[in-house]
Amino acid sequence: MRLISLDVLAPGMVIAKSIWNDAGRPLLQQGVVVSQTMVNRLQQLNIKYVYIDDEISKGIEVEETVPVEKRLRTVKKITESFNKLKGLEGKKASYILDIQSQEIGNMIDGLLESILESKEMLTVLTDSYIYDEYLYQHSFQVTLYALAIAKELGYSYKEIKLIGIGAILHDVGKLQIPTNILFKPGKLTDEEYETVKNHAQFGFDILRNLHSISLLVAHCAYQHHERLDGSGYPRGIVEKDIHPYAKIIAVADVFDAVTSDRVYRNKLLPSQGIQLLESGSGVLFDTKVVEALKRSIVHYPNGTILLLSDGRRGVVAKQNLNNSELPQVRIFEENNAILKSTYILNLEEHPEVSVEKVETQYIKQAE
């Protein structure tokens with residue numbers, strides 16, 4: 001299977017990876033032959049990429065670190081928990097969260113099980129799922145990234161679990177932001193942006209009153225928008241005053257925000273999201289945390305078409321566990337000519353060759 005942009009998805013192509021809705025039902029099943037009606041529907045849903053089956057990617061598989069069933073079950077639980085908090089403020093919301101704390105801890109245990117058992121780097125296929133509200137999907141994915149980073153940084157199980165709880169609840173304060181602002185499809189006005197920024201304080205006020213969860217979780221919510229140079233909010237504190245857990249969640253939060261579908265902004269691919277974080281490393285974001293994300297996340301998912309620096313084209317066939325930036329590539333084109341027989345080029349063994357760009361609109365072999 002291979003990843004293509006929806007811009008080049010055409011009738012007659014075959015879906016290689018099912019797309020699920022938040023009710024746990026497939027909107028498009030694996031193996032379905034695409035029709036124009038399906039293309040139109042995916043456009044309406046703001047899907048940017050899909051996996052298709054074709055000859056150049058035959059036999060290449062893509063598996064998420066967290067199984068589909070566990071993901072859907074966890075997001076459903078997040079949704080149910082957050083919905084109980086809507087309309088509640090301060091101690092009332094804290095009381096409800098206290099009741100749910102055991103279930104939240106169990107959710108983190110379940111996700112940690114998948115991450116700790118996996119010997120592969122973290123693979124998250126955001127385009128394979130459709131959720132009614134971005135907040136629930138975002139909370140889930142930030143938690144996955146934060147857990148993977150914390151694992152890479154060598155934290156203990158107890159510490160990783162606490163970071164996971166901080167991540168899953170980092171945006172709980174957004175439940176007190178008016179929905180017409182929170183889900184506004186266009187750019188926010190300055191006044192609206194100031195309103196949204198209050199969610200960090202709102203989250204802190206809810207979480208600091210919990211009796212069943214560490215106060216550090218409250219600081220994760222309070223500080224996840226702070227930046228090392230003092231340019232963040234709500235307090236504009238600098239590196240030495242930001243808790244290490246909050247530094248992890250800050251990186252996970254931004255990575256998911258830029259690599260997820262939003263109505264008002266085109267999503268970035270994982271490699272592009274990592275590049276964006278690298279540009280702020282040491283100034284906005286903790287360098288060790290950014291480097292840990294780089295080592296933990298698949299940069300170029302299996303099935304991605306790459307144009308290499310020497311002009312060759314190939315599809316990512318396998319990851320190198322020791323170097324997430326340099327996968328093994330099935331070369332199918334040289335000098336703009338399709339090869340009769342493909343071969344594997346391990347980029348880890350060829351430092352003279354680099355990735356020029358990701359080509360999600362390549363269709364020569366899909367026609």
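The values are calculated or read from the model by the stated rules, or taken from the named source; none is laboratory data. What you see is a predicted model, and the numbers here were worked out from it, not measured in a lab. Virtual Cβ from ideal backbone geometry, glycine too; neighbours counted across all protein chains shown. In case anyone asks, the SASA skips ligands and DNA or RNA and just uses the protein heavy atoms, side chains included. Shrake-Rupley method; radii C 1.70, N 1.55, O 1.52, S 1.80 Å.
For the range 140-211, give me every one of the helices (runs of 4 or more DSSP H) that falls completely inside it and has 1 or more residues that are in contact with a Pro (Cβ under 6 Å, 6 or more places away or on another chain) and small (Gly, Ala, Ser).
In the range 140-211, the matching helices (runs of 4 or more DSSP H) lie at 199-207.
Quick test for you: out of Leu216, Leu162, pick the one residue that is in contact (Cβ under 8 Å) with a residue 40 or more places away in the chain, within 14 Å of Pro244 (Cα to Cα) and surrounded by fewer than 19 Cβ atoms within 10 Å (Cβ to Cβ).
Exactly one residue qualifies, and that residue is Leu216.
What number of residues in the range 172-201 are in contact with an Asp or Glu (Cβ under 8 Å, 6 or more places away or on another chain) and not basic (Lys, Arg)?
Result for the range 172-201: 5.
What pairs come out if I take residues in the range 113-137 that are over 30 Å from Phe183 (Cα atoms) and pair them with residues that are of a type in the set (Ser, Thr, Tyr) and open to solvent by 20 Å² or more (accessible area, probe 1.4 Å) whose C-beta lies under 6 Å away, six or more apart or interchain?
Ser114/Thr65; Ser118/Thr65
Residues Ile274, Ile331: which one is open to solvent by less than 30 Å² (accessible area, probe 1.4 Å) and within 30 Å of Leu116 (Cα to Cα)?
Ile274
Checking Val283 against (1) over 29 Å from Pro244 (Cβ atoms); (2) in contact (Cβ under 8 Å) with a residue 40 or more places away in the chain; (3) open to solvent by 20 Å² or more (accessible area, probe 1.4 Å): exactly one of these is not met. Which one?
In the conditions (1) over 29 Å from Pro244 (Cβ atoms); (2) in contact (Cβ under 8 Å) with a residue 40 or more places away in the chain; (3) open to solvent by 20 Å² or more (accessible area, probe 1.4 Å), Val283 misses (1) alone.
Pull up the range 219-250, narrow it to residues that are crowded, with 22+ Cβ neighbours inside 10 Å and more than 22 Å from Ser281 (Cβ to Cβ), then point me to the one that is farthest from the chain's Cα centre (by Cα).
Tyr222
Does at least one position in the range 252-261 carry a residue that is open to solvent by 30 Å² or more (accessible area, probe 1.4 Å), free of Cβ contacts under 8 Å to residues at least 40 places away in the same chain and not charged (D, E, K, R)?
no
Could you check how many residues of the range 56-71 are open to solvent by 20 Å² or more (accessible area, probe 1.4 Å) and at pLDDT 90 or above?
Result for the range 56-71: 4.
Could you grab the pairs with beta carbons closer than 7 Å, sequence gap of 6+ or different chains, first residue in the range 82-94 and open to solvent by less than 90 Å² (accessible area, probe 1.4 Å), second one of a type in the set (Phe, Trp, Tyr) and part of a helix (DSSP H, G or I)?
Phe82/Tyr136
Condition test on Asp310, is it among the acidic types (Asp, Glu), under 19 Å from Leu125 (Cα atoms) and open to solvent by 10 Å² or more (accessible area, probe 1.4 Å)?
It is false that Asp310 is among the acidic types (Asp, Glu), under 19 Å from Leu125 (Cα atoms) and open to solvent by 10 Å² or more (accessible area, probe 1.4 Å).
In this structure, does Leu210 turn out to be within 21 Å of Gln102 (Cβ to Cβ) and buried (at least 17 other Cβ atoms within 10 Å of the Cβ)?
yes
Among the numbered criteria (1) modelled with pLDDT under 95; (2) within 17 Å of the chain's Cα centre (by Cα), which one does Tyr362 miss?
Every condition holds for Tyr362 apart from (2).
Name every residue in the range 1-34 that is closer than 23 Å to Thr304 by Cα, open to solvent by 40 Å² or more (accessible area, probe 1.4 Å) and among the small types (Gly, Ala, Ser), in order of residue number.
Matches in the range 1-34: Gly12, Gly31.
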